[in-house]
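Undergrad: Got a structure for you, written out below as structure tokens; questions coming shortly.
The values are calculated or read from the model by the stated rules, or taken from the named source; none is laboratory data. Quick caveat: nothing in here was measured; it's all calculated off a predicted structure. Using ideal geometry, Cβ is built from the backbone for each residue, glycine included, and neighbour counts are taken over all protein chains shown.
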Amino acid sequence: MPDPTLSPSRRAFAKRLALAAAAPAFAGAALSQTAPAPTAAPSPAPTPVPTPEAPSSVAEALTEVARIRWGRHLTGEQLGEIAKAVDGRLRGAETMKKVTLTNADEPDVVFFAELPGGR
Amino acid sequence: MAPLAEDVFFLSVAELSRKLRSKEISPVELADGFLDRLERIGPKLGAVVTVTRERALAEAKAAERELAAGKWRGPLHGVPYGVKDLLATAGIPTTWGAEPYRNQVFAEDATVVARLREAGAVLIGKLAMVELAGGMGYNNADASFTGPGRTPWNKDFWSGGSSSGPGAATAAGLVAFSIGSETSGSIVTPAAFSGVSGFRPTYGRVSRHGAMALCWTLDKLGPMCRTAEDCGLVMAAIAGKDPLDATSLPRPFRPAPANAKRRRFKVGVIKGTSEKAQPEVRKNLEESLKVLGTFCDVVPDVEFPDFPYGPAVGTIVAAEGASAFRDLIESGRVKELRVPNDRWGGYAASLVLAVDYIQALRLRAPMKKALDALYAKFDALVSPTRATVSYPIGPDFDKVYLGFGGGPAVIPAGNLAGQPALSLPNGFGEKGLPTAFQLTGRAFSDETLVALGTAYQARTEWHEKRPPL
């Protein structure tokens with residue numbers, strides 16, 4: 001775990017993202033490393049989730065990708081929410097990595113060469 | 001023609017079918033009565049998007065002619081129903097519950113709608129739903145351009161999502177049955193919150209052709225009805241191979257005959273699913289287990305396999321949903337969505353790493369294996385469908401019912417493994433809101449779950465309760 005004392009508050013983080021959203025590309029690269037906190041991914045049948053204190057540096061970096069790609073559609077507050085959601089998913093991904101898989105464990109999706117309708 | 005008594009609108013499909021076949025009621029007067037209720041009560045519950053009066057009356061007249069001529073298509077012949085507004089219907093708007101798609105019209109019926117038409121059922125309405133079936137991460141009941149779906153038991157509370165309209169409309173007697181969809185919880189949750197019987201089939205048993213895609217590897221269509229038996233009747237009409245959906249399977253649904261003799265069922269109770277549930281949910285589950293115990297061997301404290309079901313389903317829904325709606329997200333038109341969360345959720349979802357998505361798909365194989373090994377020992381496992389009654393309309397979901405929930409993630413697990421589930425009403429909790437339990441089974445045990453649910457409902461009356469409209 002990164003040192004949580006290095007993490008900005010949620011409000012400060014959102015404010016910096018807002019400033020970054022208004023600035024040219026890569027302005028957000030200066031976002032500091034933060035401590036991860038628990039959250040959960042959105043679901044079609046949602047359940048209450050705890051609010052994270054501050055996203056991780058990886059989440060911030062990915063949020064910067066969102067800002068560069070789609071920043072014209074997003075407010076600073078929304079970028080802050082995206083950072084939290086991304087952070088939650090990254091945390092989930094870490095949980096998934098803890099399940100042991102071997103090289104032979106394939107994704108449970110099968111490709112068919114046949115066209116729909118059997119053509 | 002005298003109006004039909006209100007009782008008629010709360011009959012099961014099986015009972016309506018008997019009355020239609022014996023000509024005690026006519027398909028046209030039945031459709032007309034349901035249409036009137038859907039138009040009058042539907043908007044008050046946020047349950048309806050489009051009333052398909054013209055098509056309904058045409059189908060009802062056709063059914064009337066055929067029944068008069070002695071041609072009976074089966075138990076759905078002449079029975080009015082509605083579909084979640086993510087199923088394509090020829091020439092009628094299909095809005096996916098979302099403002100950007102309000103004027104979308106398809107040229108053909110979805111396979112499920114076509115099959116119901118062939119079965120003689122009468123389509124009376126396109127029912128409300130959470131925008132884009134919740135794929136953008138909604139966190140509030142007010143999540144459709146038609147407004148929040150309201151449970152008819154207490155209109156200050158949500159009917160559940162994302163099949164909000166099918167839940168509310170079926171519970172209020174505005175349709176005799178409905179079709180919902182589930183990616184992870186979207187049939188069983190509104191069934192529980194609305195007090196109806198909701199069936200999520202095994203993945204692949206019902207064609208998804210013509211249904212809005214949110215998540216190709218998880219989406220399923222299924223019936224929401226008054227009874228488990230009705231779910232079986234609808235499944236018999238819609239299940240089976242469809243050349244237009246490569247994931248559909250040649251496994252028609254064949255309900256067990258009502259008089260079939262069989263051994264006692266064996267059900268297990270999933271350990272830890274009700275410990276953090278609301279007290280009424282827990283108490284009602286205990287009562288349900290007593291009833292199940294009269295015709296089942298009940299095994300308590302069954303350990304559920306421990307896997308990261310929540311993260312896996314969240315990752316898959318995010319990645320596939322972001323791809324399915326990439327044009328909407330990248331064009332910025334998601335800003336037209338109702339819920340503030342849905343206006344940015346797609347961008348967050350677009351950032352899921354490919355390796356994480358593939359990891360989630362790889363995990364599905366060991367999850368499926370472990371779950372099947374467990375479920376093979378039982379006809380079904382039992383748990384509360386939801387740990388709480390419905391959520392109030394207004395506050396975000398994460399602001400209420402703090403401290404309730406937890407336990408094994410039965411809904412995500414079942415969806416990841418493609419397993420069927422049947423949610424059945426089993427009483428009432430806070431604020432007069434319904435509670436429910438779910439029966440989950442191994443893949444392709446759909447008929448067994450329906451038989452079990454039918455046997456339960458033969459011994460209880462919760463499915464016969466009517467909301468105070």
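Undergrad: Of everything in the stretch B:365-393 that's away from chain A (no Cβ under 13 Å) and of a type in the set (D, E, K, R), which residue is surrounded by the fewest Cβ atoms within 10 Å (Cβ to Cβ)?
TA: B:Lys377
Undergrad: Separate question: Say we look at the stretch B:289-335 and pick out the residues that are at the interface with chain A (Cβ under 8 Å from one of its Cβ atoms), part of a helix (DSSP H, G or I) and of a type in the set (A, V, I, L, M, F, W, C); which of these is nearest to B:Pro412 (Cα to Cα)?
TA: Result: B:Val313.
Undergrad: Right, next: From the list A:Gly76, A:Gly92, exactly one residue is surrounded by fewer than 23 Cβ atoms within 10 Å (Cβ to Cβ) and touching a residue at least 12 places away in the same chain (Cβ under 8 Å). Which is it?
TA: A:Gly76
Undergrad: When the residues of the stretch B:18-28 are filtered to those that are over 13 Å from B:Tyr81 (Cα atoms) and in contact (Cβ under 8 Å) with a residue 24 or more places away in the chain, which remaining residue is surrounded by the most Cβ atoms within 10 Å (Cβ to Cβ)?
TA: The selected residue is B:Leu20.
Undergrad: Between residues in the stretch B:341-354 that are of a type in the set (S, T, N, Q) and residues that are part of a helix (DSSP H, G or I), which pairs lie under 6 Å by C-beta distance while being six or more apart or on different chains?
TA: Matching pairs, first to second residue: B:Ser350/B:Ala322.
Undergrad: Hey, could you check the stretch B:72-115 for residues that are within 15 Å of B:Gly210 (Cα to Cα) and among the basic types (Lys, Arg) and say which is surrounded by the fewest Cβ atoms within 10 Å (Cβ to Cβ)?
TA: Residue satisfying both the conditions and the ranking: B:Arg115.
Undergrad: Among B:Glu15, B:Glu24, B:Glu39, B:Glu29, which is assigned to a loop (DSSP other than H, G, I, E, B), among the charged types (D, E, K, R) and at pLDDT 95 or above?
TA: From the options B:Glu15, B:Glu24, B:Glu39, B:Glu29, the qualifying one is B:Glu24.
Undergrad: Next up: Does any residue of the stretch A:97-110 turn out to be at pLDDT 95 or above and among the charged types (D, E, K, R)?
TA: Yes, the stretch A:97-110 contains a residue that is at pLDDT 95 or above and among the charged types (D, E, K, R).
Undergrad: Answer yes or no as to whether B:Phe9 is crowded, with 16+ Cβ neighbours inside 10 Å, out of contact with any Pro (no Cβ under 9 Å at 6 or more places or on another chain) and among the hydrophobic types (A, V, I, L, M, F, W, C).
TA: So B:Phe9 fits the description; yes.
Undergrad: Could you say whether any residue in the stretch B:242-264 is closer than 21 Å to B:Arg459 by Cα and either buried (at least 21 other Cβ atoms within 10 Å of the Cβ) or within 14 Å of another protein chain (Cβ to nearest Cβ) (or both)?
TA: The answer is no; no qualifying residue exists.
Undergrad: Could you figure out which of (1) surrounded by fewer than 15 Cβ atoms within 10 Å (Cβ to Cβ); (2) in a strand (DSSP E or B) isn't true of B:Glu286?
TA: Single failed check for B:Glu286: (2).
Undergrad: Just one of (1) touching a Ser or Thr at 6+ places or on another chain (Cβ under 7 Å); (2) under 30 Å from B:Arg262 (Cα atoms); (3) surrounded by fewer than 23 Cβ atoms within 10 Å (Cβ to Cβ) trips up B:Asn415, so point out which.
TA: (3)
Undergrad: For the list (1) within 28 Å of B:Ser12 (Cβ to Cβ); (2) touching a Gly at 6+ places or on another chain (Cβ under 7 Å), I need the number of the one condition that B:Gly429 fails.
TA: So the condition that B:Gly429 fails would be (2).
Undergrad: On the given criteria, is A:Ile68 surrounded by 22 or more Cβ atoms within 10 Å (Cβ to Cβ), within 12 Å of chain B (Cβ to nearest Cβ) and at pLDDT 95 or above?
TA: Criteria not met by A:Ile68.
Undergrad: Looking only at the stretch B:350-360, how many residues end up being at the interface with chain A (Cβ under 9 Å from one of its Cβ atoms) and out of contact with any Ser or Thr (no Cβ under 7 Å at 6 or more places or on another chain)?
TA: The total comes to 6.
Undergrad: Still on this structure: Can you say whether B:Ala213 is within 14 Å of chain A (Cβ to nearest Cβ), assigned to a loop (DSSP other than H, G, I, E, B), among the aliphatic types (A, V, I, L, M) and surrounded by fewer than 24 Cβ atoms within 10 Å (Cβ to Cβ), as far as the supplied structure shows?
TA: Yes, satisfied.
Per-residue answers, yes or no, for (1) polar (S, T, N, Q); (2) closer than 20 Å to B:Val130 by Cβ; (3) under 26 Å from the mean Cα position of the chain (by Cα); (4) in a helix (DSSP H, G or I):
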| position | (1), (2), (3), (4) |
| --- | --- |
| B:Asp342 | no, yes, yes, yes |
| B:Leu351 | no, no, no, no |
| B:Ala360 | no, no, yes, yes |
| B:Pro366 | no, no, no, yes |
| B:Asp372 | no, no, yes, yes |
| B:Lys377 | no, no, no, no |
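Undergrad: Also: Are any residues in the stretch B:309-343 out of contact with any Lys or Arg (no Cβ under 9 Å at 6 or more places or on another chain) and hydrophobic (A, V, I, L, M, F, W, C), and if so, which ones?
TA: B:Val313, B:Val317, B:Ala319, B:Ala322, B:Ala324, B:Phe325, B:Leu328, B:Ile329, B:Val339
Undergrad: Consider B:Lys71 carefully, then state whether it is over 28 Å from B:Gly149 (Cα atoms) and assigned to a helix (DSSP H, G or I).
TA: In short, no.
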